[in-house]
Structure formats: C-alpha cells, structure tokens
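**Q** Before I ask anything, here is the structure I am working with.
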Amino acid sequence: MIQRLLPPRLEAAVSFVRPHSVTADVGTDHGLLATALIQRGICPHVWASDLRKGPLSRAQKRVEELGLQQQIDLCLCPGLEKLPLEDIGDVVIAGMGPEVIASILQDALPGLTSRHRLILQPMAKPEILRLWLAEHGFRLVAERLCRDSGKLYAVLVAEPGQMPIPSAAECLTGILTQGDPLLKDWCAKESARLRREAAGLEKGGLTEKAAQLRALAQTVEAKGEAAR
C-alpha cells in the first residue's frame with residue numbers, strides 16, 4: 001500500500017517524534033500516524049490506542065494490509081490506560097479537545113517520567129494545555145502553528161521539567177511561537193475571538209469582565225503586529 005499523505009496538523013506532530021523512539025499514538029483512529037511513523041523509519045515500534053472499536057478495527061485493517069503487525073500494537077482502551085509507559089518514549093495525542101487531552105495526561109501522570117516527550121495537537125484552545133503543562137511539572141520545548149483545511153492549529157511539545165506559569169497572553173499566543181510564519185494570523189484569530197466574547201459579556205451586563213478581555217485582545221494584537 002502506498003503511503004498516504006498526512007494532514008498538515010499530523011505532519012507537524014510527526015516532525016517532533018524523536019528518531020528510534022518507541023511511540024504511543026493515542027486516539028489512533030484510522031492508524032495513519034502510527035503507520036506513517038513505521039513506514040518512514042522514524043520509530044521501531046508504535047503502540048496505538050483508541051477507545052472506540054470502529055476506528056481501531058479500521059486501524060487494524062490498515063496495519064494488516066501494510067504487513068506491520070510486528071511493529072504496531074493496537075489497544076482498545078482510553079488514553080494511555082493499558083499501554084506500557086515504561087517501554088514508551090514519545091506520546092502523541094492529536095485531534096482531541098484540550099480538556100480530553102489534559103484528562104488523559106492527568107490519569108497517566110504517575111507513569112510519566114523524564115524519559116517521556118509529549119506531542120500534543122488539540123483541535124482548539126491550546127491555551128488550556130499550556131497552562132496545564134506548566135502547573136503539572138512539564139516545560140514546553142517546542143511549538144508550531146499549522147494551517148489545515150483552512151483552520152489554524154497549534155502543536156505543543158513538552159517534557160518533564162519546570163517552567164514559569166505563563167501569562168494569559170502567553171497561553172493564547174504561545175511561549176515558543178516567536179518567529180513562526182503563522183503567528184500573525186494566529187494572533188488575529190485569537191484577538192477576534194476575544195472581542196466576540198467581550199461583546200457577549202457586555203450584552204449580559206458583565207462590563208468589567210468584557211473590559212478585561214478587550215485589554216487581553218489588545219495585547220494579543222500587539223504580539224501579532226510585532227510578528228510582521
């Protein structure tokens with residue numbers, strides 16, 4: 001079977017997987033990321049999990065068609081629950097909401113050690129994960145913004161360690177995004193969202209909170225202007 005091209009957001013995630021690292025692909029869906037890691041010779045072995053039987057069966061079909069049964073183990077489970085974290089180096093969690101990703105990591109915290117790298121691609125609001133990582137003993141080592149089907153996404157790469165709690169503006173725009181070619185567009189998107197939320201709050205009579213959001217929007221806009 002010919003290698004299928006990955007969506008840009010998954011390509012961005014793959015680019016951060018360390019060569020020769022046994023990797024977990026959480027929420028594998030059709031197994032595209034897991035099989036790509038093996039086919040490209042990036043990883044010797046991948047553990048792929050999904051909590052739904054349908055997607056996992058489709059992933060299994062793809063793995064069998066490619067003859068990768070010895071290099072990819074499929075597991076029906078939520079998150080990292082049944083995966084051997086002691087054998088895994090990199091953990092990729094892509095295509096989920098930030099709250100779900102944070103919940104998966106919270107459940108796995110006792111098993112996450114200095115050997116683990118987290119590669120996270122939330123479908124929205126990465127600011128939730130930036131704050132969660134800082135509050136739970138992880139530091140960001142890389143970030144990348146990407147455009148996929150007309151939408152902007154962020155990929156966060158974290159490893160165990162300490163970093164300062166990010167400000168609200170840093171949570172929204174990224175800590176390591178300076179110089180990213182999409183930062184200007186990202187800041188425009190976020191500032192517009194903040195202004196919409198502020199308008200809604202003002203209609204509800206919450207003028208003080210609305211003013212805070214507008215001030216935050218101005219800070220975000222300033223970072224976008226500086227990125228030009």
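None of the figures in this text is laboratory data; all of them are computed from the coordinates on show. Everything numeric in this text was worked out from a predicted model, so none of it was measured. Here the Cβ positions follow ideal geometry from the backbone for every residue, glycine too, while neighbour counts run over all protein chains shown.
**Q** Viscosity 1.306 mPa s, temperature 10 °C: Stokes-Einstein D of the range 96-187 from its Kirkwood Cα radius, in µm² per second? Don't skip to the answer; put the middle values down first.
**A** Details: Rh = 13.3 Å.
Rounded, D is 119 µm²/s.
**Q** Still on this structure, please answer the following. For the chain, build the charge dipole from Cβ charges (+1 Lys, Arg; -1 Asp, Glu) around the Cα centre, then report which of G67, L152, S57 sits farthest towards its positive end.
**A** Checking the options against the dipole of the chain, the answer is L152.
**Q** Hey, what's the Kirkwood Rh for the range 31-100 if you take every pair of different alpha carbons, in angstrom?
**A** Values: mean 1/r = 0.0797 Å⁻¹.
Taking every pair of different Cα atoms in the range 31-100, averaging 1/r and inverting gives 12.5 Å.
**Q** Continuing with the same structure: For the range 185-226, count the residues as N, evaluate 2.2 N^0.38 Å, and divide the Cα radius of gyration by that value, please. Before the final figure, lay out the partial values.
**A** Numbers: Rg = 10.3 Å, N = 42, 2.2 N^0.38 = 9.1 Å.
Against the empirical 2.2 N^0.38 Å value, I get 1.13 for the range 185-226.
**Q** Okay, next question. Among the listed pairs K151/K223; K125/K223; K61/K125; K125/K184; K53/K189; K125/K209, give every one whose C-alpha distance is greater than 28 Å. The partial results should precede the final answer.
**A** Working: K151/K223 20 Å; K125/K223 18 Å; K61/K125 33 Å; K125/K184 17 Å; K53/K189 36 Å; K125/K209 19 Å.
The pairs that break the limit, which is 28 Å between Cα atoms, are K61/K125; K53/K189.
**Q** Determine the dipole magnitude for the range 8-164: charges of +1 sit on the beta-carbon of Lys and Arg, -1 on that of Asp and Glu, nothing else is charged, the reference point is the Cα centre, and the result goes in debye to the nearest 20. Don't skip to the end; give the middle numbers.
**A** Numbers: 17 positive and 18 negative charges, 76 e Å.
Dipole about the Cα centre, nearest 20: 360 debye.
**Q** Write down the Å³ per residue value for the convex hull defined by the alpha carbon atoms of the range 69-135. Before the final figure, lay out the partial values.
**A** Details: hull volume 6.4 nm³, N = 67.
Hull volume over Cα atoms, normalised by residue count, gives 95 Å³.
**Q** Could I ask something else about it? Please list, short to long, the whole-number percent of alpha-carbon pairs of the range 5-50 in consecutive 5 angstrom bins beginning at zero.
**A** 5, 24, 38, 27, 6
**Q** In degrees from 0 to 90, rounded to the nearest 10, what is the angle of the helix 53-66 Cα long axis to the longest principal axis of the chain?
**A** The angle comes out near 50 degrees.
**Q** Now a separate question. I'd like the distance separating the alpha-carbon centroids of the range 126-200 and the range 29-99, in whole Å.
**A** One Cα centre to the other: 26 Å.
**Q** For the chain, what relative contact order do you get, as a whole percent, if you take Cα pairs closer than 8 Å and at least 6 residues apart? Don't jump to the answer; show the numbers that get you there.
**A** Details: 423 pairs, mean separation 34.9, N = 228.
Relative contact order of the chain: 15 percent.
**Q** For the chain, take the longest principal axis of its alpha carbons; what is the angle in degrees between that and the long axis of helix 183-203, to the nearest 10 within 0 to 90?
**A** Rounded to the nearest ten degrees, it is 60.
**Q** Another one. Quick one: dipole size for the range 156-228, taken about the Cα centre, charges +1 on Lys/Arg Cβ and -1 on Asp/Glu Cβ, in debye to the nearest 20.
**A** Numbers: 10 positive and 10 negative charges, 61 e Å.
Roughly 300 debye, rounded to the nearest 20.
**Q** Over the C-alpha atoms of the range 98-145, what are the Rg and the largest Cα-to-Cα span, Dmax, in Å?
**A** Over the range 98-145's Cα set, Rg and Dmax evaluate to 10.4, 30 Å.
**Q** Can you find, among L76, M96, A108, the residue sitting farthest towards the positive end of the charge dipole of the range 8-164, where Lys and Arg contribute +1 and Asp and Glu -1 at Cβ?
**A** M96
**Q** Based on the Kirkwood radius over alpha-carbon pairs, what value in µm²/s does the Stokes-Einstein equation return for the translational diffusion coefficient of the range 8-164 at 4 °C and 1.567 mPa s?
**A** Translational diffusion coefficient: 84 µm²/s.
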